[in-house]
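First the structure, in the form of structure tokens, and then the observations on it.
The values are calculated or read from the model by the stated rules, or taken from the named source; none is laboratory data. Being a predicted model, the structure only gives us computed values, none of them experimental. Glycine also receives a Cβ, built like all others from the backbone with ideal geometry; neighbour counts cover every protein chain displayed.
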Amino acid sequence: MVSINSKLPQVGTNIFTVMSSLAAEYNAVNLGQGFPDFMMSEELIALVNKAMQKGYNQYAHMAGYSLLRERIAEKCNALYGSNLNADTDITITPGGTYAIYTAFTTILEKDDEVIVFEPCYDSYIPNIEVNGAKAIRISLQYPSYHIPWNEVQQKVTAKTKAIIINTPHNPTGFVLTENDIIELKKIVAGTNIIIISDEVYEHLIYDGIQHQSILRDAELMQRSFVCFSFGKTYHCTGWKIGYCIASAALMKEFRKVHQFNCFSCDTPKQIALAEYILNKDAYMQLCSMLQEKRDYFRNLMQETPFTCLPSHGSYFECYSYNFTDESERDLAIRLTKEYGVTAVPVSAFYKEGNDNKVLRFCFAKQQETLEKAVERLIKLK
């Protein structure tokens, strides 16, 4: 038989696939994977159909449909006071995860180091390692999940190529503050460190908190790749459409990798998004809609033996437990099999499986779905 040396020998099937498969097998309410179970905009669906009917079914420009890039620039300039050039600073990508991977692949060389905050979205560390670099892992401070900036400063070396940040944060719902950005600026000042900023949940931020986008800071933008997702904003995660924003010099290198990977993205969806993005209410009112779901779920969960670790953004809220000595993974599996509710163990977001007895639940669901799940969790023993 032909054999290969695995570039990711320690990596198996990711936790989302495992838990979603279990949820399907046991007909469980799936609050594990981060996807809405309610319909996306019918208007946006109709716009895609319209684009296909009008013949927009061939390759788009490698960097993305120009009108869509122009309107993204207009939106970001208005929201964050940035000064983006649609031609040089924005590339449409097949999802936010792809944008992050391409950014890493653009900059990383063998033995480079990247500072990563755990728990973290599960693609980060494999992205780093497959490019021959090393993830320097720093744990967020449990249970608040804030960044220990003193430790970050201590871990910066001559080999530090990048720091990846994520706000609002997946899996915890933590959001960066203005002070966090100040601390980040202090650390990277006078260095060649690149920032990769995962902001796919930019509009899913609650409690009147302002999103601290890297796009707000012209100085940081010169050293950053900022990654976004239409899927999270418009409830169409299966579309896998996102975009990356960077300075012209960085984006030039990003596109060199991008053009030989996917080359270009789904054309009719880009045509539709270019028109739909003009509807500001669709993204500006998103926070109030999702906060209402978070609050509803949080109130329901008070009847269960779980303790809320408050989320201020994303699709997710984490809950700790002390009613059993089971590991997070074992409890998540038992909940699925015996109670018909699927969550994700937060230990899956640590490379070494740090187990703080915390599960992550997705509240971006219909009210009936949340009620059904909690009715089952109340019976938990």
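A few comments on the model shown:
- Taking first residues from the range 103-116 that are assigned by TED's automatic domain parsing to the domain that holds residue 254 and under 20 Å from residue 244 (Cα atoms) and partners that are small (Gly, Ala, Ser) and not in a strand (DSSP E or B), the Cβ contacts under 6 Å between residues at least 6 apart in sequence or on separate chains come to 108/133; 114/133.
- Some residue of the range 188-199 being under 21 Å from the mean Cα position of the chain (by Cα), surrounded by fewer than 16 Cβ atoms within 10 Å (Cβ to Cβ) and over 25 Å from residue 354 (Cβ atoms): no
- Number of positions in the range 1-20 that are under 21 Å from the mean Cα position of the chain (by Cα) and among the polar types (S, T, N, Q): 4
- Residues (crowded, with 21+ Cβ neighbours inside 10 Å and touching a Phe, Trp or Tyr at 6+ places or on another chain (Cβ under 8 Å)) located in the range 108-123: 114, 116, 119, 120
Residue-wise test of (1) over 25 Å from residue 291 (Cβ atoms); (2) assigned to a helix (DSSP H, G or I); (3) of a type in the set (A, V, I, L, M, F, W, C); (4) over 24 Å from the mean Cα position of the chain (by Cα).
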residue: 34; (1), (2), (3), (4): no, no, no, no
residue: 37; (1), (2), (3), (4): no, no, no, no
residue: 47; (1), (2), (3), (4): yes, yes, yes, yes
residue: 51; (1), (2), (3), (4): yes, yes, yes, yes
residue: 57; (1), (2), (3), (4): yes, no, no, yes
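- In the range 1-15, of all residues being in contact (Cβ under 8 Å) with a residue 60 or more places away in the chain and hydrophobic (A, V, I, L, M, F, W, C), the one that is surrounded by the fewest Cβ atoms within 10 Å (Cβ to Cβ) corresponds to 8.
- Residue in the range 299-309 that is closer than 28 Å to residue 17 by Cβ, part of a helix (DSSP H, G or I) and either out of contact with any Leu (no Cβ under 8 Å at 6 or more places or on another chain) or not assigned by TED's automatic domain parsing to the domain that holds residue 92 (or both) present: yes
- Which listed residue, of 260, 323, is in a loop (DSSP other than H, G, I, E, B), out of contact with any strand residue (DSSP E or B) (no Cβ under 8 Å at 6 or more places or on another chain) and assigned by TED's automatic domain parsing to the domain that holds residue 100: 260
- Some residue of the range 81-102 being free of Cβ contacts under 8 Å to residues at least 40 places away in the same chain, more than 25 Å from residue 166 (Cα to Cα) and aliphatic (A, V, I, L, M): no
- Flag for residue 238 being without any contact (Cβ under 8 Å) to a residue 24 or more places away in the chain and surrounded by fewer than 24 Cβ atoms within 10 Å (Cβ to Cβ): no
- Evaluation of residue 40 against the conditions (1) exposed (fewer than 13 other Cβ atoms within 10 Å of the Cβ); (2) aliphatic (A, V, I, L, M); (3) closer than 30 Å to residue 375 by Cα shows that the sole unmet condition is (1).
- Of the set (1) more than 21 Å from the chain's Cα centre (by Cα); (2) in contact (Cβ under 8 Å) with a residue 12 or more places away in the chain; (3) not in a helix (DSSP H, G or I), all apply to residue 244 but (1).
- Leading residue by the ranking (surrounded by the most Cβ atoms within 10 Å (Cβ to Cβ)) among those in the range 124-154 that are without any contact (Cβ under 8 Å) to a residue 40 or more places away in the chain and among the charged types (D, E, K, R): 134
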